[in-house]
Amino acid sequence: MLTVLIVIHLMIVIALIGVVLLQRSEGGGLGVGQSGGGFLSSRGTANVLTRTTAILATAFFVMSLALSVVAGWDRKPKSIIQNTGAPASDQGPAGAPIAPGGRGILDQLQKQEQQPAQPPQPQPPARPSGPQVPRSQ
């Protein structure tokens, strides 16, 4: 059914493009109604093309909505809360490796929050790697 709707949608799109290109613009369009021997006057042709464009545009929007509804019929909502299966490999759900001794980065962060924060220890300044030249002031 989806394939049939897509084919109909493509036919509507092609017809809409053709009708829009046939309309007369400031530059003259593609020549519809410019010769005197046409089946309709230029005013009648403009009315027919305007109505046809409106009908095709409405059909385009209706078909777009129908395609989105039909495409969504097979989707079923999934709950991330009820996911009880544990990963069977050494990688997490996003392909990130699991740290040894823990189940993932969230467990490591929880352990860090539970431990009391220790103030950073001051470190002595690094020794220079070579001789230093005094600066002149």
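What follows draws every value from the coordinates through simple rules; no lab data is involved. Quantities reported herein were computed from a predicted structural model and do not represent experimental measurements. Cβ: placed from backbone, ideal geometry, glycine included. Neighbour counts: every protein chain shown.
With each label modelled as a point 7 angstrom along the Cα→C-beta vector, the residue 21-residue 112 pair spans 6.1 nm. Put a dot 7 Å past the Cα of residue 50, heading toward its Cβ, do the same for residue 135, and the two dots end up 8.0 nm apart.
Model label sites at residue 58 and residue 121, defined 7 Å from Cα along the beta-carbon direction, differ in position by 8.1 nm.
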